[in-house]
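Beneath this line is the structure, given in structure tokens, with notes to follow.
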Amino acid sequence: MDYQFTEIEKKWQQTWQERRIANARDFSDRPKYYVLSMFPYPSGVLHIGHASNYAIGDAITRLKMMEGYNVLQPMGYDSFGMPAENYAITHNSHPRITTEEHIVNMRKQFDGMGFFLDWEREISTCRPDYYHWGQYIFKKMYEKGLVYRKKSFQNWCETCKTVLANEQVEDDACWRCGAEVIQKEMDQWYFRITNYAEELLDFSHVIEWPERVMTMQKYWIGKSEGARIDFTLENSTQKIPIFTTRPDTIFGVTFMALPPEHPLVQTWLAQEPDNAELQSFCKRVMNEDKMLRSSAESLKEGVFSGRYAINPLNGAKVQIWITNYVLMDYGTGAVMAVPAHDQRDFDFAKKYDIPIKIVIQNQDKSLKLEDMTEAYTEPGIICNSGHFDDQDSEAAQGEITRWVEEKGWGVATVTYRLRDWGISRQRYWGNPIPMIHCPKCGIVPVPDEDLPVLLPDEVQVGQTTSNPLLSVPDWLNVKCPVCGEAARRETDTMDTFVDSSWYYARYADAHNRDLPFDPAKADYWLPVDQYIGGIEHACMHLLYARFIYKFMRDMGWVKGNEPFARLLTQGMVLKDGAKMSKSKGNTVDPQYIVDRFGSDTLRVYLLFASPPEKDVEWNDEALMGAFRFLSRTYRLIKGNLDAIKLGLQTSGESAELSPELKDLRFSTHHCIQRWREDSLIRMQYNTAIAAVMEHLNHCTAIKSTDDLNPAELAVYASACSIIPQLLYPYAPHMAEELWQVMGHPNLLHESGLPSYEEKYLAQDTATYVIQVNGKIRGKLEVAPDTDAGILQEMALEVENVVRALEGFEVKKVIVIPNKMVSIAAKPQR
């Protein structure tokens, strides 16, 4: 009777693998369903977060198989990047060797968890058969004008020797190693993601995405409508373009704010090497976190440049300040400041004694400069603005913009906070950028027939402070494919987010040697029906994947507009209230749990602990509770196997049922109803498992089957026999074992979904819990149609309720049909 989980799990993992159940068929007659969990970085071990994520995906996969879908759940490895390179350096090895070793170890763990994964479609981004097509996609984007190279200041990690995206800088430090991030001007390759900014704001083609993720992406893209207007540097023809959403305030500009990274500021820095204040301020600000610099809470600082700009609308001379709160990456990199009507500008002007000019009055025109303690930011009446005076400020915005356009001073435009995607990384362990630098021809792409550009194995990883690819002359020096003269390869590699921006499509045709994938197969499988991963990827991976998908659509490779129809952002597994990490010493090894309690126990614990989108607080006792639940289930069916088998062959429709068996029949059908809603519709697996637990209690309440008549035995057998079906998505190994011992010839994924009958959901009696001030004080068993008034009277007469109300005055009695009578009372005076 003991639950021999080790033998059971090995047995069924072998059976599933031998029957190749997880291997999806292309172009099946059955409807398709594509389940994808974000693939892992091959660190060598699956951590508890992986187990949680993939348990969710596997539950969905098995549910959809039971529904009759042709389900694809593939797996691979996001195996390029700094962690692998740094690990190899630390262990005096090569990233190709350590990465492949880690993949072997993780594959064993995946198999030991029993996940239904289509390993025939396995990919690893560091293998040439995958990164070949990443280079191909780069080239096609280059041909379409979506790739370019320019100098710019980049977040640079001196420890990792690479550029970091803004999203990879946390508190002025590298997200990988924690070292200080500085600004360094470099040539970088960029993807024109901004060409798709408007499309990326449109989520009308997704089916079900968390509102939070869509909001985060919309904010990150940051669309603004307004006007681009050219100010002029005093005594110069140099234009300083600004973008404003408030052209109605332009006559109130009293200073201009530039960031240290602005090209003009860089020129002034070069001209004034002895200006200690300017040099020190710019150096410090450029190394500060850009998001913090622009946040509303940060301290606003600046230095006067000693220079002025000319406002084209009124010829006014305005001061040019270099500040810490303007970013080169947003708008034009220059901001016109209107202190009277912008709070940030007001605070800055007050701090540095900069003039303030009112150009929008309130409705009664009572606004006075000497009385202002804060900026006036509401609509109003224009003043001190030439021939636009006395107009409504909101209505005048369009007119002012048209006048600016007529005069040739600017244009109406739309701008975005989103910047083009810098993909250059100065690392070895990444996908080589397939470009060649020729002194004669310039920068030219590697021909298609020479792809992939293979990473050389003989590199000085960890033995050089420069890009390791520079240490391989045989790889570095090549002939120009255009003129045949001596040339050099591009030594930057691609951001690893490029690798993960299209992997979901490669799974549709993982071994294609001629194309990234067959468009017909992609058309069959895409979009991904259910994507699962962490909320931390909202503004990086998920945005980049949407961008690349839209590019592939424009190439005719895929159809539709979005790669992921549904998105589930699963919660984290916490311990002691914090995210698990080795440095905190609060990690839990999933392999340790599997070895001692079984994969099914771990799955049930993780799925039962909370809804999938919520965080899970690790609890050892709750883990033991999951194990006890599975053990009880196993003992129930194995211990009553003969009765269950007999009952499954018995009809007994005409025989009478005892009240206890009627309750059990109701529990069976009510449990199925709840399970279907929670598993298939709401995706609340914790409450689906809770329903099975409650039903198990009803089954185990039948202490003996010896005295049951045929009808009762059939009810009992039905009640027990549905449990394996209900547990299959969550504890598949044990469910499969119990299903088989009950005599079923098919496997559970072939069994279909359990169904309930409405006629058995009606009860002869209804149970009401009675609460007094939130505490349970008793129960009532009554007819389902009992009047609410009678229920109140009966509840107030229950002995425990009477005692609980001694010294109290009843304020309110609420009846929740078929569930509860709630009594609110206050102490008597």
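The values are calculated or read from the model by the stated rules, or taken from the named source; none is laboratory data. Keep in mind the model is a prediction, meaning the values are calculated, not measured. Because the Cβ atoms are built from the backbone with ideal geometry, glycine has one as well, and the counts that use them run over all protein chains shown. Note: areas computed on protein heavy atoms with side chains; ligands, DNA, RNA excluded. Shrake-Rupley method; radii C 1.70, N 1.55, O 1.52, S 1.80 Å.
Sparse packing (at most 14 other Cβ atoms within 10 Å of the Cβ) combined with a DSSP loop state is found for the following trypsin sites (Lys or Arg not before Pro) in the stretch 294-389: K365, K368.
Dipole orientation for the chain: of the candidates L708, T99, I60, T99 has the Cα lying most toward the positive pole (charges on Cβ; Lys, Arg +1; Asp, Glu -1). Summary value for the stretch 633-760: 38 percent relative contact order, contacts being C-alpha pairs under 8 angstrom separated by 6+ residues. A straight chain from H387 to E799 at 0.36 nm per residue would run longer than the Cα-Cα distance by 139.9 nm.
Rounded to the nearest 0.05, the FRET efficiency derived from the C-beta distance between R632 and E185 at R0 = 60 Å is 0.35. Three principal axis extents of the stretch 633-760 based on alpha-carbon atoms, in descending order, are 39, 29, 23 Å. With coordinates expressed along the principal axes, the C-alpha atoms belonging to the stretch 552-631 extend over 53, 34, 22 Å, beginning with the largest. The GluC sites (Glu not before Pro) of the stretch 27-117 meeting both criteria, a DSSP state outside H, G, I, E and B (loop) and at most 15 other C-beta atoms within 10 angstrom of the site's C-beta, are E67. Between E170 and L646, what FRET efficiency comes out of the Förster formula 1/(1 + (r/R0)^6) with R0 = 45 Å and r the beta carbon distance, rounded to 0.05? Efficiency, from the Cβ-Cβ distance: 0.10. Against the chain, whose longest principal axis is taken from its Cα atoms, helix 393-407 shows a tilt of about 50°. For mean projected area of the Cα convex hull in nm², the value computed from the atomic coordinates appears in the list [x] 47.6; [y] 38.1; [z] 41.5 under label [x].
For the set K223/K357; K351/K407; K317/K365, the pairs lying more than 30 angstrom apart at their alpha carbons are K351/K407. Normalised by the number of residues in the chain, the mean separation of alpha-carbon contacts (under 8 Å, six or more apart) gives a relative contact order of 14 percent. Using Cβ point charges alone (K and R +1, D and E -1), the dipole size of the chain about the Cα centre works out to roughly 800 debye.
Since only S366, G315, V338 are under comparison, the one whose Cα sits farthest along the positive direction of the charge dipole of the chain, derived from C-beta charges on Lys, Arg, Asp and Glu, is G315.
Among the listed pairs K32/K521; K64/K218; K638/K703; K64/K575; K140/K550; K161/K550, which have their C-alpha atoms separated by more than 21 angstrom in this model? Over 21 Å Cα-Cα: K64/K218; K64/K575; K161/K550. Averaging the Cα positions of each part gives two centres, and for the stretch 662-700 and the stretch 528-573 these lie 33 Å apart. Per residue, the accessible area of the chain comes to 44 Å² when a 1.4 Å probe rolls over the protein heavy atoms. Surface composition of the chain: carbon plus sulfur atoms contribute 48% of the solvent-accessible area (1.4 Å probe, protein chains only, all chains present).
When both bridge partners sit in the chain, DSSP labels roughly 75% of those beta bridges antiparallel. The gain in end-to-end length when the N235 to Q271 segment is fully stretched comes to 11.3 nm, 0.36 nm per residue minus the alpha carbon separation.
Across the stretch 98-239, the relative contact order, built from alpha-carbon pairs under 8 Å that are at least six residues apart, equals 16 percent.
Dividing the summed -39500 (n - 2.57) terms of all DSSP H runs of n ≥ 4 by the residue count of the chain sets its mean residue ellipticity at 222 nm at -11000 deg cm²/dmol. Helix 343-352 versus the longest principal axis of the chain: what is the Cα-based angle in degrees, 0 to 90, to the nearest 10? The angle comes out at about 50 degrees. Of the GluC sites (Glu not before Pro) found in the stretch 776-828, those in coil by DSSP whose Cβ has at most 15 other Cβ atoms within 10 Å are E806. Between H511 and H205, the FRET efficiency estimated from the beta carbon spacing at R0 = 30 angstrom works out to 0.55. In the chain, the longest principal axis of the Cα atoms and the axis of helix 599-609 are about 70 degrees apart.
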